[in-house]
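Chemist: Got a structure here, written out as structure tokens. Questions coming.
Since every read-out is calculated from the coordinates, none of them should be taken as a lab result. This one's a predicted model, so the numbers in the text were calculated from it and none came from an experiment. So basically every Cβ, Gly included, is an ideal-geometry build from the backbone, and we count neighbours across all protein chains shown.
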Amino acid sequence: MLTLDNIDLDDLAMALEFQTDYESFWWLDPATGEIGFWSEVVEDDTDESADDLDDRGVIRIDPTPSYEGFAEMESFVASLADPGAVQRLRAALQARHPFRRFKDTLVDFPDLRQQWHTFHDHAMRLRCVQWLVEAGVVDSSAAPGQVHPH
């Protein structure tokens, strides 16, 4: 098993948030903690096929479902004290393309925008650690207080 020090959590967070329409995936090597990207469209340095990576024993990193990101935005809005900001952000979440509308609305609230980034970074770290534990790469005892049961 690896420790959290062996894994770039920023790269893992990016992989968990990566959404695409073409054949590609992020992967993690459970022996080394290396995180990489494979795509039919983009050539990488290794020229490995998807089958080669699977044969190597890498774990594919599926993106987080959008409902988890949406719930995160709702939790953030629920934590706010400014009724004007709450009203506008809730309206953004109820509009078409809520992720884009939410981010666009935050532009009008620079302090809240920074708070959102801090909130989101913390949530993503928790999500990364939970993913690593569920994938069997990191033992839950290596990340006390960072893993939440379902």
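Chemist: Rounding to the nearest 20 debye, state how big the charge dipole of region 4-62 is about its Cα centre with +1 on each Lys and Arg Cβ and -1 on each Asp and Glu Cβ.
Modeler: Values: 2 positive and 20 negative charges, 54 e Å.
Value, rounded to 20: 260 debye.
Chemist: Counting pairs of alpha carbon atoms under 8 Å apart in space and at least six apart in sequence, what relative contact order in percent does region 4-62 give?
Modeler: Details: 64 pairs, mean separation 22.6, N = 59.
Relative contact order, region 4-62: 38 percent.
Chemist: With an 8 Å Cα cut-off and a minimum separation of 6 or more residues, compute the relative contact order for the chain in percent. Provide the component values of the computation, followed by the final result.
Modeler: Values: 143 pairs, mean separation 39.2, N = 150.
Here the relative contact order equals 26 percent.
Chemist: Just to be sure I understand the model, the point goes 7 Å from the Cα along the line to the Cβ. What's the resulting His122 to Asp108 distance in nm?
Modeler: Each label point is offset 7 Å from its Cα along the Cβ direction, giving 2.6 nm.
Chemist: Please work out the FRET efficiency for the pair Arg60 and Glu40, using the Cβ-Cβ distance as r and a Förster radius of 25 Å; give the result to the nearest 0.05. Working shown, then result.
Modeler: Numbers: r = 14 Å, r/R0 = 0.58.
The value I calculate is 0.95.
Chemist: Would you calculate, for the chain, the mean residue ellipticity at 222 nm contributed by helices, counting each DSSP H stretch of 4 or more residues as -39,500 (n - 2.57) and dividing by all residues, to the nearest 500?
Modeler: On the way: 6 runs with 75 residues, N = 150.
Calculated mean residue ellipticity at 222 nm is -15500 deg cm²/dmol.
Chemist: If you count, for each residue, the other Cβ atoms within 10 Å and average over each peptide, how do 34-40, 131-137, 20-26 line up from highest to lowest? Mind dumping the intermediate values first?
Modeler: Details: 34-40: 15.7, 131-137: 17.6, 20-26: 12.7.
So the peptides 34-40, 131-137, 20-26, ranked by packing, come out 131-137, 34-40, 20-26.
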